[in-house]
Amino acid sequence: MLIRICRAALLGGLFLLFFSCDSNTPLSPVAPDDAEEMSWQELLASDPAYPDNVYLTNFIEWSPGIVGTSRQGGEYTDSEGHPLVEYTLDALGPPEGSGSGTSGEGKTCPLGVNGWGVWGFDPRFVIINGDGDDFITFAKTFAWGSKADGLCSELAHVEVSEDGVKWYSHNNEEFVENPTPDSSNGNYSYASVKNLHGNEPSWANFRTDIQAESLENLSGVDQWVPMTGVTVSRYFTASDVNLGGIGFNLDDFYHDGDPWPSDGKMKYLKIIDDDTILDGQDYDKTWCLGANLMSALGINTEPAGGGS
């Protein structure tokens, strides 16, 4: 299977990162404006303070769906409404989350309605079945008024593989079936969705620190609110809290009734849009892009080949 696979502007002064959740947050040798212009590869290579997180680095294959009629021929798609293959590269590398109130400027890859895509993790590493969640998937989304039931997301199944041929799917998904895929989804409930990609905002952002938020019940409404004095550092690690996205445990993945092998080495990720799932968007379905993948992050990892 064929896998497709610095510039640094150094200033005389260093910029101190205020309001970090970690008082020992390192100083960055890169000016904020330069950080916005660099590719993720350039920025991570320019600053040794970034941790060695494990991300997707290879696009493998996909079968794009068709976006809503209002999006066809616009950004992301060709004239027939299929997402352009060039955007598959926007799922590589670290996430650019922005919190619950806005989808932000981060890049992402839309799949189109009922489309799917396959990506590979950094081939120097594998994802293993360790304690707790083993990897996280991030989507570009936001919630109207930061309310959980106002989440504007298009949800997707997640499958995992060691070889890109044999796929394991999650055995405990929870969602409401969508009786009218072509209409708005005003009856979406955040709490009714479990173990699907896309059902959470993203706060992890490798370019800048992001205000951390927690989900609170305010007057009977679940809503994300700022956590006083807490931010998610651009130098986040896989073990940090408040990153957002959806965490997945390899214990929960099965193939034809057989569980993920205890010594399995996950290398590939598949994201599958499905219009029979009641998505968390409350606007005209002609604006659908299908599920999107912004990034994926390994939590429990080891060097490929069992090295150290």
- Note on the structure: Shape call for segment 170-308, from the Cα gyration tensor axes a ≥ b ≥ c (a/c under 1.5 means rounded, otherwise prolate when a/b beats b/c, else oblate), comes out oblate
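If a/c stays under 1.5 just call it rounded; otherwise compare a/b with b/c (prolate if a/b is bigger, oblate if not). Do that for segment 226-308, with a ≥ b ≥ c from the square roots of the Cα gyration tensor eigenvalues.
oblate
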- Message: Can you tell me the length gained on complete extension of the stretch residue 282 to residue 187, counting 0.36 nm per residue apart and subtracting the Cα distance?
- Response: 33.4 nm
- Query: What accessible area, in Å² to the nearest ten, does a 1.4 Å probe give for residue 39?
  - Reply: 40 Å²
- Average projected area of the Cα convex hull of the chain, in nm²? 16.9 nm²
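Could you sort 174-187, 191-204, 264-277 so that the peptide with the highest average Cβ count within 10 Å comes first and the rest follow in order?
191-204, 264-277, 174-187
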- Query: Cβ under 10 Å from residue 153's Cβ, residue 153 left aside: what net charge do those residues give with Lys, Arg +1 and Asp, Glu -1?
  - Reply: -2
- For the cross-link pairs 194/265; 166/265; 107/270; 107/166; 140/270; 194/270, which exceed 22 Å when the distance is taken from alpha carbon to alpha carbon? 194/265; 107/166
- Note on the structure: Counting only protein heavy atoms with a 1.4 Å probe and every protein chain in place, the carbon and sulfur fraction of the accessible surface of segment 38-131 in whole percent equals 47 percent
- Message: If I model a spin label at residue 52 and residue 255 as a point 7 Å from the Cα along the Cα→Cβ vector, what separation in nanometres do I get?
- Response: 2.8 nm
- What whole-number value in Å² describes the accessible area per residue of segment 256-306 for a 1.4 Å probe? 38 Å²
- Accessible-area value, residue 263, 1.4 Å probe, nucleic acids and ligands omitted, Å²: 110 Å²
- Task: Keeping all protein chains in place, calculate the accessible area per residue for segment 94-139 (probe 1.4 angstrom), answer in Å².
- Result: 32 Å²
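The values are calculated or read from the model by the stated rules, or taken from the named source; none is laboratory data. This is a predicted model, so every value here is computed, not measured. Counting neighbours? That spans all protein chains shown, and the Cβs are built from the backbone with ideal geometry, glycine included. Surface areas here come from the heavy atoms of the whole protein model, side chains and all, with no ligands, DNA or RNA. Shrake-Rupley method; radii C 1.70, N 1.55, O 1.52, S 1.80 Å.
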